[in-house]
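Engineer: The structure's right below; bear with me while I get my questions together.
The values are calculated or read from the model by the stated rules, or taken from the named source; none is laboratory data. Just so you know, these numbers come straight off a predicted model, no measurement behind them. All Cβ positions, glycine included, derive from the backbone under ideal geometry; neighbour counts span all protein chains shown.
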């Protein structure tokens with residue numbers, strides 16, 4: 001049964017290997033590309049995320065190639081391993097039936113468009129380490145092994161290194177260990193203190209080692225600024241009302257896919273909680289679910305792929321619910337919960353059938369992200385620059401499209417691979433604009449891409465637009481435009497080299513302009 005789930009998910013992912021990268025994937029891919037060239041994180045690419053996913057991408061691209069297909073093969077491997085670990089965790093807690101239901105639930109949900117499951121987001125890598133970390137945590141609780149606790153903490157520490165919300169799984173471990181020790185009345189004992197020290201040491205170790213590496217590389221201050229100072233400022237931008245609006249909007253938008261899971265799981269959990277059997281296991285599973293949800297809440301943005309963090313625990317809860325419903329029914333009716341679950345799975349496959357079986361990669365990209373995101377256009381721009389520049393040429397993208405750097409396989413003239421932070425309402429924005437301008441002017445990149453897509457900026461009426469005014473002036477003085485790419489009002493993409501334009505007006509809704517530095521520009 002696990003193999004069937006793996007083959008189903010594998011078929012979908014292999015069919016969509018060539019799906020264009022979106023922004024987060026572009027960031028990870030470019031940072032991973034730099035790592036493979038010996039350039040450490042935060043030197044040529046600044047971002048607030050911790051570097052674990054960068055290294056995971058680098059490893060994946062080393063194994064499968066520096067292509068979109070190679071990146072999505074990495075995702076296939078990560079997702080397949082996580083599916084197996086979800087089965088093992090469910091089986092360990094409540095038996096084989098729970099493990100199989102959880103495995104099938106997670107497999108379907110993790111590949112769905114409801115969580116942008118076709119993209120190799122950092123949350124997929126967090127789950128890869130968080131689930132086996134949780135499995136080892138449970139084994140440590142039963143065996144009282146400090147070494148098992150240490151390795152559980154180590155996996156939670158790696159989950160944190162993939163992305164900051166992964167820390168919630170380590171907090172879950174601390175909370176459950178403390179609660180379980182209080183139930184045994186040993187919370188103030190030396191043995192419990194030693195166990196907690198082993199667990200925390202495992203969590204801290206990956207982060208401490210990377211901090212030491214940053215100090216040796218000489219970029220610790222930049223790493224700390226982006227991943228903690230700026231990240232804290234970014235997380236505080238959203239108001240509670242805006243966050244709740246985002247959350248309710250997501251629930252409403254994705255209810256068609258998730259409603260069956262919610263109803264079946266909710267009703268089964270009520271039955272499970274009434275039953276006094278396996279109390280410790282239920283507390284463990286519900287704690288896992290609660291802290292997994294906390295992982296989706298930082299900043300109250302509630303973006304689709306954030307909910308990947310919740311899926312393993314929710315899948316375990318679904319398995320527990322189906323098992324509880326079957327146990328509570330007479331023998332002749334025990335198949336009803338499994339038939340209901342099969343119906344929920346069938347409905348989910350039907351709802352997502354267009355993505356799983358029908359749309360080719362480019363069409364699915366346009367369907368999911370629309371014409372407002374230039375992910376397909378970025379492939380064309382990156383390929384053009386790669387084919388028309390030397391390998392050591394520098395490139396600047398004025399906009400938030402880091403995937404262009406990856407496609408072009410050229411170093412960025414600035415570490416600001418996103419322009420979102422530069423126009424946000426945060427205290428570092430003005431300084432960031434000045435730094436980006438200074439870095440580009442100092443590097444004098446051979447190519448500069450100016451992105452005129454609203455989604456690449458998300459401007460507010462009060463945003464500081466100095467960087468855009470500078471870019472228009474700077475390109476006018478030192479660059480010739482060599483092409484423009486964008487979409488017409490009917491949605492058709494058009495790429496027009498300067499030689500073919502003949503000065504004609506091109507009616508594009510949003511577009512990117514590719515500039516090349518003038519030979520005599522000083």
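Engineer: Within the stretch 257-280, is even one residue touching a residue at least 24 places away in the same chain (Cβ under 8 Å), in a helix (DSSP H, G or I), more than 21 Å from residue 105 (Cα to Cα) and within 19 Å of the chain's Cα centre (by Cα)? Lay out the reasoning, then the answer.
Structural biologist: First, pick out the residues of the stretch 257-280 that are touching a residue at least 24 places away in the same chain (Cβ under 8 Å): 257-258, 260-261, 264-269, 271-272, 275, 278, 280.
Filter once more, keeping what is in a helix (DSSP H, G or I): 257-258, 260-261, 264-269, 271-272, 280.
Those left that are additionally more than 21 Å from residue 105 (Cα to Cα): 280.
From the residues that got through so far, the ones that are within 19 Å of the chain's Cα centre (by Cα) too are none.
No - not one qualifying residue is present in the stretch 257-280.
Engineer: Within the stretch 281-300, can you find the residues that are touching a helix residue (DSSP H, G or I) at 6+ places or on another chain (Cβ under 6 Å) and outside any helix (DSSP H, G or I)?
Structural biologist: 295, 296, listed by residue number.
Engineer: Within the stretch 141-152, which residues are farther than 14 Å from residue 288 by Cβ, touching a residue at least 24 places away in the same chain (Cβ under 8 Å) and assigned to a helix (DSSP H, G or I)? I'd like the intermediate steps shown before the answer.
Structural biologist: Of the stretch 141-152, the ones farther than 14 Å from residue 288 by Cβ are 142-151.
Subset that is touching a residue at least 24 places away in the same chain (Cβ under 8 Å): 144, 146-147, 149-151.
Listed by number, the residues that qualify are 146, 147, 149, 150, 151.
Engineer: May I pose another question? Using the structure shown, decide if residue 479 is touching a helix residue (DSSP H, G or I) at 6+ places or on another chain (Cβ under 8 Å), crowded, with 16+ Cβ neighbours inside 10 Å and at pLDDT 90 or above. Quick ask: steps written out before the conclusion?
Structural biologist: Values: touching a helix residue (DSSP H, G or I) at 6+ places or on another chain (Cβ under 8 Å): no; crowded, with 16+ Cβ neighbours inside 10 Å: yes; at pLDDT 90 or above: yes.
So residue 479 does not fit the description; no.
Engineer: Out of all the residues in the stretch 387-434, which are part of a helix (DSSP H, G or I), closer than 30 Å to residue 235 by Cβ and touching a helix residue (DSSP H, G or I) at 6+ places or on another chain (Cβ under 7 Å)? Full working, then the answer.
Structural biologist: In the first step, residues of the stretch 387-434 are kept if they are part of a helix (DSSP H, G or I); the result is 387, 403-408, 420-423, 429-434.
Applying the additional criterion that residues be closer than 30 Å to residue 235 by Cβ yields 403-406, 420-423, 429-434.
Correct list: 403, 404, 405, 406, 421, 422, 423, 429, 432, 433.
Engineer: Just a yes or no: is a residue in the stretch 347-360 over 21 Å from residue 259 (Cβ atoms) and in a helix (DSSP H, G or I)? Give the steps one after another, and end with the answer.
Structural biologist: Within the stretch 347-360, the first condition is being over 21 Å from residue 259 (Cβ atoms), and the residues that meet it are 357-360.
Filter once more, so that each one left must be in a helix (DSSP H, G or I): 357-358.
Looking for residues that are over 21 Å from residue 259 (Cβ atoms) and in a helix (DSSP H, G or I), one finds at least one in the stretch 347-360, hence yes.
Engineer: So which helices (runs of 4 or more DSSP H) stay within the stretch 5-120 end to end and still have 1 or more residues that are within 17 Å of the chain's Cα centre (by Cα), surrounded by 23 or more Cβ atoms within 10 Å (Cβ to Cβ) and free of Cβ contacts under 8 Å to residues at least 12 places away in the same chain? Write out each step before concluding.
Structural biologist: Values: elements: 23-36, 52-64, 68-94, 96-110.
Qualifying helices (runs of 4 or more DSSP H): none found.
Engineer: Right, here's the next one. Here's a check for you: in the stretch 365-398, which residue that is surrounded by fewer than 24 Cβ atoms within 10 Å (Cβ to Cβ) and under 26 Å from residue 465 (Cα atoms) is farthest from the chain's Cα centre (by Cα)?
Structural biologist: Here the answer is 394.
Engineer: Residues that are surrounded by fewer than 23 Cβ atoms within 10 Å (Cβ to Cβ), in contact (Cβ under 8 Å) with a residue 12 or more places away in the chain and part of a loop (DSSP other than H, G, I, E, B): does the stretch 321-344 have at least one?
Structural biologist: Checking the stretch 321-344: at least one residue is surrounded by fewer than 23 Cβ atoms within 10 Å (Cβ to Cβ), in contact (Cβ under 8 Å) with a residue 12 or more places away in the chain and part of a loop (DSSP other than H, G, I, E, B).
Engineer: For the stretch 440-472, what are the residues that are surrounded by fewer than 17 Cβ atoms within 10 Å (Cβ to Cβ) and closer than 22 Å to residue 385 by Cα?
Structural biologist: If the condition is that a residue be surrounded by fewer than 17 Cβ atoms within 10 Å (Cβ to Cβ) and closer than 22 Å to residue 385 by Cα, then 441, 442, 443, 444, 472 are the ones that fit.
Engineer: Have a look at 466, 400 and point out the one that is in contact (Cβ under 8 Å) with a residue 24 or more places away in the chain and over 30 Å from residue 61 (Cβ atoms). Don't jump to the end; show me each part of the working.
Structural biologist: Numbers: 400 fails: over 30 Å from residue 61 (Cβ atoms).
Going through 466, 400 in turn, just one is in contact (Cβ under 8 Å) with a residue 24 or more places away in the chain and over 30 Å from residue 61 (Cβ atoms): 466.
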